[in-house]
Amino acid sequence: MKKEKMYPRFWLFAIYFTGFWILYGFFILFQDVVIEDHFDSQPIYLIGGMTIMLARSVQEFKKSKRQEGEISQK
C-alpha cells in the first residue's frame, strides 16, 4: 500500500493563516466592544471556528513532520 505524501509547508502556512484570522477576530471583537460600545457575536464564531482549524492544522503538521522524518531515515 502506497503512503500518501504529506506537505508540512502547506500545514505550516495553514497554521499562520488561521492564526492571522484568530488575531483579526480578537481585533474586531475589541473594536466592537470597546470602541463602538456594542457586542456582535460574529467575531466569536470566527475565533471559535479558526481555533478548531488551528488545532487540526497543528495535528496535521506534526503528523507530516513525523512522516517526513520516517521517509528521510529510509
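Rule-based calculations on the coordinates, nothing more; no lab input. Predicted, not measured: the structure shown is a model, and the values here were computed from it. All Cβ positions, even for glycine, are placed from backbone atoms using ideal geometry, and neighbour counts span all protein chains on display.
Give me the net charge for the shell around Phe27: Cβ to Cβ below 14 angstrom, other residues only, Lys and Arg +1, Asp and Glu -1.
Residues close to Phe27 contribute a combined charge of -3.
Mind giving me the nanometre distance, one decimal, between the label points for His38 and Phe20, set 7 Å out from Cα along Cα→Cβ?
According to this spin-label approximation, the distance is 2.9 nm.
Using alpha-carbon pairs under 8 Å, 6+ residues apart, how would you state the relative contact order of the chain in percent?
44 percent
Quick one: angle between helix 8-30 and the longest Cα principal axis of the chain, in degrees between 0 and 90, rounded to 10, please.
Helix 8-30 sits roughly 10 degrees off the main axis of the chain.
Tell me the label-point distance for the pair Gln67, Thr51, using the 7 Å Cα-to-Cβ offset, in nm and rounded to one decimal.
Those two pseudo-labels are separated by 2.8 nm.
For every helix of n ≥ 4 consecutive DSSP H residues, a contribution of -39,500 (n - 2.57) applies; sum these over the chain, divide by its total residues, and give [θ] at 222 nm rounded to the nearest 500 deg cm²/dmol.
It comes out at -26500 deg cm²/dmol, rounded to the nearest 500.
Which whole number in µm²/s is D for the chain by Stokes-Einstein, with the Kirkwood Rh taken over Cα pairs at 10 °C and 1.306 mPa s? Before the final figure, lay out each step's value.
Numbers: Rh = 14.1 Å.
Using the Kirkwood radius from Cα pairs, D works out to 113 µm²/s.
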